[in-house]
Each structure stands twice: as C-alpha cells, then as structure tokens.
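The values are calculated or read from the model by the stated rules, or taken from the named source; none is laboratory data. Keep in mind the model is a prediction, meaning the values are calculated, not measured. Cβ: placed from backbone, ideal geometry, glycine included. Neighbour counts: every protein chain shown. SASA here: full protein model, heavy atoms, side chains in, ligands and nucleic acids out. Shrake-Rupley method; radii C 1.70, N 1.55, O 1.52, S 1.80 Å.
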Amino acid sequence: MIRFIATDLDGTLLNSERRLPEEIFPLIGKLKELGVLFAPASGRQYANLRKLFAPVANDVVFICENGALIKYRGKTLHCHPIRDIYLKNALDEIRALPHLYPMLCGADYAYIENTEMPFFQYAMLSYTNCKKVPSLDDVIGMEDICKIAVYDEIAAAENCIKVLPQRLPNLRTILSGFDWCDISAPGANKGEAIRFIRKAFGLEKEECVAFGDHMNDFEMLGECGYAYVPENAYPPLKKLIGRTISSNENKGVIQKIKEIIKELESET
C-alpha cells in the first residue's frame, strides 16, 4: 500500500509558467485522510516551498535544496551542508569561467553577488528569502550552505556540467535544469533525503512513489518503489527510469495521484 509520495516541482508538478495546480491542495488533504504523507522535493529553498504550499504547510514534509535540507512542521529534521573549507575554492572556480553566476543557498537565505538579467530575475522568483551581497565570500561561515546553484547563460548541459565536476572533485555537481546546475556535499541529494524520511517515518521502499524530470531527481526516483517521469523530462532520465506519465503541462502528476487515491480508496 502506498504511504508516501514525493514530487519534484519545476518541470514536474508545476507547469511551464511555474504555476502550481490548484487541485494539489485538496488532493494532499485526501492523501492525509488515507494515511499518505506528501513531500514537495525541490532544489528550491524552504521559505519558498512553505509559501507555495501555505494551505497545507503543516501536513507535508519539505525536501529542500535538492535534499540537503528536510523540514517538517517548522522543524529541521535533517541538514547536510557543504563544508566551509570547500566553499571559497568552489566560488573561485565558478567565477573563473565565463557565463556562470553562482548563488549560495543557505538553510535560511539565498545569497547572490550579481544582478545581471535574467539571472537576477530567476533568483528572485525561486528564492523568497534572497539577499544581494557585495561578495559571496563574506557569507561563508554565516550559516550552513546547503548548495551552490549555478546559472549558466549558455546551457548547463552544454557548458558548466562539462567542466565543473572535474574542477570540484570534493563536491557533487549535477544538472538541475536547462540553464542550472547544483553543487552540493558529496552525499547530499534527494535520494539521501528519501532514505532519511523512510527511516524517520517507518516507510518501506515499496510504499513510496516519486516523480521527477531531471538528473537531480535520479537518486530520489531510485529510492522509491514506484518512480515516474513526465513526458517532458530530460531524455537521458526518461531512458534510465522508463516509466512515464503525461507532461507537466497536461498535469501528469495530478492525474497519477488521482489514480493512486482511487486505488487506495478501493482497498479500504
């Protein structure tokens, strides 16, 4: 029986305009009645996710910053930050490459040092608590840094992902979107978050469902007994997972959740 559902947001649950389907709130309520825990699982920060899911904020577990931070009912259950000793070198390596714009994503705030468009607009859209600082170097040591988000004005798959992993061997660099890649501690990912949640809430792998559209969702999909990718997903991920649902524009996740609810109701 399904007891847990996790879904990525951008490119998966949200449409191309980054809007959340309104149907999700009553569906989360119904899942709660059926004993199913719901988790938004995103590279976004906690403040942004809590605002997005405000009507049901106390009923869901938030997987934030690509799994480096887990929050539940306002409390931090898990945090896996980047060690401070690696942050300065990482920033220097990113800055040394053209067309890249780094953002430090802390447990409470995101920090940027550039205001070039469209980077600045995207940063402010996805990060509710976002501060412009003279230099990101000044942020190191102020709070736990869950990840470094890197905006690539060319295309992440064609540019930064080909060079940053070699330059940052002590960190994990992964594609997170068409023009974004994320850098985190080696073991910090959505799959690690799922394993933590399974242990904390007494869940079996076969009781878990996950949805995702890009490579930063790969570990999460592998940690759940039922894994789905939307038709619009990154082609290499679609090939790896194989099980597809309708696109985010066609509300594939919503459709599948409704099917799961129907199945659960028939079993009770």
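Of the strands (runs of 3 or more DSSP E) contained entirely in the stretch 1-113, those carrying at least 3 residues that are in contact with a Phe, Trp or Tyr (Cβ under 8 Å, 6 or more places away or on another chain) and under 22 Å from ILE194 (Cα atoms) fall at 4-7, 37-40, 61-64, 69-72.
One residue is enough: does the stretch 243-263 have a residue meeting the conditions among the aliphatic types (A, V, I, L, M) and either open to solvent by 50 Å² or more (accessible area, probe 1.4 Å) or outside any helix (DSSP H, G or I) (or both)? Yes, because at least one residue in the stretch 243-263 is among the aliphatic types (A, V, I, L, M) and either open to solvent by 50 Å² or more (accessible area, probe 1.4 Å) or outside any helix (DSSP H, G or I) (or both). Note on the stretch 220-235: among residues that are without any contact (Cβ under 8 Å) to a residue 60 or more places away in the chain and in a helix (DSSP H, G or I), the one that is surrounded by the most Cβ atoms within 10 Å (Cβ to Cβ) is LEU221.
Out of everything in the stretch 61-79 that is out of contact with any helix residue (DSSP H, G or I) (no Cβ under 7 Å at 6 or more places or on another chain) and of a type outside the set (D, E, K, R), what residue ends up being surrounded by the fewest Cβ atoms within 10 Å (Cβ to Cβ)? By that ranking, first place goes to GLY74.
Would you tally the residues in the stretch 80-102 being within 21 Å of the chain's Cα centre (by Cα) and open to solvent by 10 Å² or more (accessible area, probe 1.4 Å)? Summing the residues that are within 21 Å of the chain's Cα centre (by Cα) and open to solvent by 10 Å² or more (accessible area, probe 1.4 Å) in the stretch 80-102 gives 5.
Of everything in the stretch 189-217 that is free of Cβ contacts under 8 Å to residues at least 40 places away in the same chain and assigned to a helix (DSSP H, G or I), the residue that is most open to solvent (accessible area, probe 1.4 Å) is LYS199.
For GLU17, the conditions (1) more than 21 Å from the chain's Cα centre (by Cα); (2) under 28 Å from ASN159 (Cα atoms); (3) modelled with pLDDT under 95; (4) of a type outside the set (Lys, Arg) all hold with the exception of (1).
Could you tell me whether ILE161 is among the β-branched types (Val, Ile, Thr), in a helix (DSSP H, G or I) and farther than 30 Å from ARG95 by Cβ? Spelling it out, it is not the case that ILE161 is among the β-branched types (Val, Ile, Thr), in a helix (DSSP H, G or I) and farther than 30 Å from ARG95 by Cβ.
Only one of the numbered conditions (1) surrounded by fewer than 17 Cβ atoms within 10 Å (Cβ to Cβ); (2) touching a residue at least 24 places away in the same chain (Cβ under 8 Å) is violated by LEU31, and that is (1).
Restricted to the stretch 1-28, and to residues there that are of a type in the set (Asp, Glu) and closer than 16 Å to HIS214 by Cβ, the residue that is most open to solvent (accessible area, probe 1.4 Å) is ASP10. Scanning for something closer than 13 Å to VAL209 by Cβ, modelled with pLDDT of 95 or more and surrounded by 20 or more Cβ atoms within 10 Å (Cβ to Cβ), does the stretch 42-52 turn up at least one residue? No, every residue in the stretch 42-52 fails to be closer than 13 Å to VAL209 by Cβ, modelled with pLDDT of 95 or more and surrounded by 20 or more Cβ atoms within 10 Å (Cβ to Cβ).
Condition test on PRO169, is it surrounded by fewer than 24 Cβ atoms within 10 Å (Cβ to Cβ), outside any helix (DSSP H, G or I), without any contact (Cβ under 8 Å) to a residue 24 or more places away in the chain and under 19 Å from the mean Cα position of the chain (by Cα)?
no
The residue of the stretch 127-156 that is surrounded by the most Cβ atoms within 10 Å (Cβ to Cβ), among those that are under 12 Å from LEU91 (Cα atoms) and touching a residue at least 60 places away in the same chain (Cβ under 8 Å), is LYS147. Checking each residue of the stretch 130-141 against the condition of being in a loop (DSSP other than H, G, I, E, B) and of a type in the set (Ser, Thr, Tyr) gives at least one match. All conditions but one from (1) more than 18 Å from TYR46 (Cα to Cα); (2) surrounded by 18 or more Cβ atoms within 10 Å (Cβ to Cβ) apply to TYR109; the one that does not is (1).
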